[in-house]
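*Asks:* My questions will all concern the structure given below.
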Amino acid sequence: MTAPRPGRVVIGEPELRARVTALGAEIARGYAAEPPVLVGVLQGAFLFMADLVRAMPIDLVTDFVRLESYGGGTTSSGRVRLAEDLATPLAGRDVLVVEDIVDTGRTVAALRRLLEARRPRSLRVCALCDKVGRREVDVGVDWVGFTIPNVFVVGYGFDHAGLYRNLPHVVTLEGV
Ligand code: IMP
């Protein structure tokens, strides 16, 4: 058996650059008054977050969470806990969750519940990719970069067993 390897390009570098830049400008227009708190979900969203904030010409605050799933096998169980929490209080703030991908929707639904409990003024979600066909939980995703088919992808933050996050584009994983 051969080890899984990165395969064909699903989203190329120029497409990523153009879309993330446009998305940043669009999202920024939704936060004209107070500086929002952007909550990046580690590790998958770290590259997306870095590019997104540089495309947002407004005052903003960045912070990160790291989630740990429990109670599930290979598929998302939707039961998550914060393995690393925010340093920023969210009460009364406008919060934007920056996620890598919404698949079943369970992770975003669980994170929403955790963060809503902190009484932010608003809580919105932005995801680089959306696998709409896989949705099991109807979570509100306010901004989506790309809708992609039901294929496992790596690169631009997405990993397989910790590898390939550093690839500059989003590609399929072959041989899984
Ligand atoms: P959900 O709870 O099913 O929506 O799962 C979302 C999480 O699954 C994402 O935050 C990713 O960590 C992971 N994930 C889903 N699809 C992919 C993929 O194609 N490549 C890498 N990670 C993925």
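The values are calculated or read from the model by the stated rules, or taken from the named source; none is laboratory data. As the structure is a prediction and not an experimental result, all values here were calculated from the model. All Cβ positions, glycine included, derive from the backbone under ideal geometry; neighbour counts span all protein chains shown. These area figures cover heavy atoms from the full protein model, side chains too; ligands, DNA and RNA do not enter into them. Shrake-Rupley method; radii C 1.70, N 1.55, O 1.52, S 1.80 Å.
*Asks:* Run down Glu68, Glu84 and say which single residue is acidic (Asp, Glu) and modelled with pLDDT of 95 or more. Before the answer, list the steps.
*Replies:* Values: Glu68 fails: modelled with pLDDT of 95 or more.
Testing whether each residue is acidic (Asp, Glu) and modelled with pLDDT of 95 or more leaves just Glu84.
*Asks:* Right, another one. Look at Thr147 and say whether it is open to solvent by 30 Å² or more (accessible area, probe 1.4 Å), near the ligand (Cβ under 8 Å from one of its atoms) and either at pLDDT below 95 or β-branched (Val, Ile, Thr) (or both).
*Replies:* Numbers: open to solvent by 30 Å² or more (accessible area, probe 1.4 Å): yes; near the ligand (Cβ under 8 Å from one of its atoms): no; either at pLDDT below 95 or β-branched (Val, Ile, Thr) (or both): yes.
Criteria not met by Thr147.
*Asks:* Do you know which residues across the stretch 57-75 are among the aliphatic types (A, V, I, L, M) and open to solvent by 10 Å² or more (accessible area, probe 1.4 Å)? Walk me through how you get there before you give the answer.
*Replies:* Residues of the stretch 57-75 that are among the aliphatic types (A, V, I, L, M), as a first pass: 58, 60-61, 65, 67.
Ile58, Leu60, Val61, Leu67, listed by residue number.
*Asks:* Out of all the residues in the stretch 73-80, is one or more under 13 Å from the mean Cα position of the chain (by Cα) and under 30 Å from Thr172 (Cα atoms)? Give the derivation first.
*Replies:* Kept after step one, since they are under 13 Å from the mean Cα position of the chain (by Cα), are these residues of the stretch 73-80: none.
The answer is no, given that none of the residues of the stretch 73-80 is under 13 Å from the mean Cα position of the chain (by Cα) and under 30 Å from Thr172 (Cα atoms).
*Asks:* While we're on this one: Give me the pairs, please: first residue somewhere in the stretch 148-170 and in contact (Cβ under 8 Å) with a residue 60 or more places away in the chain, second residue anywhere and near the ligand (Cβ under 9 Å from one of its atoms) and open to solvent by 40 Å² or more (accessible area, probe 1.4 Å), beta-carbon distance under 6 Å, and either six or more positions apart or on two chains.
*Replies:* Pairs found: Val154/His160; Arg165/Asp159.
*Asks:* Hey, could you check the stretch 77-119 for residues that are within 16 Å of the ligand (Cβ to nearest atom) and among the β-branched types (Val, Ile, Thr) and say which is farthest from Phe48 (Cα to Cα)?
*Replies:* Looking at residues that are within 16 Å of the ligand (Cβ to nearest atom) and among the β-branched types (Val, Ile, Thr), I get Val80.
*Asks:* Which numbered condition in (1) more than 16 Å from the ligand (Cβ to nearest atom); (2) at pLDDT below 95; (3) among the polar types (S, T, N, Q) is the only one that Thr62 fails?
*Replies:* Here Thr62 meets the rest and fails (2).
*Asks:* Within the stretch 55-71, which residues are among the aliphatic types (A, V, I, L, M) and touching a helix residue (DSSP H, G or I) at 6+ places or on another chain (Cβ under 7 Å)? Show your work before the answer.
*Replies:* We begin by selecting, within the stretch 55-71, every residue among the aliphatic types (A, V, I, L, M); these are 55-56, 58, 60-61, 65, 67.
The answer is Ala55, Met56, Ile58, Leu60, Leu67.
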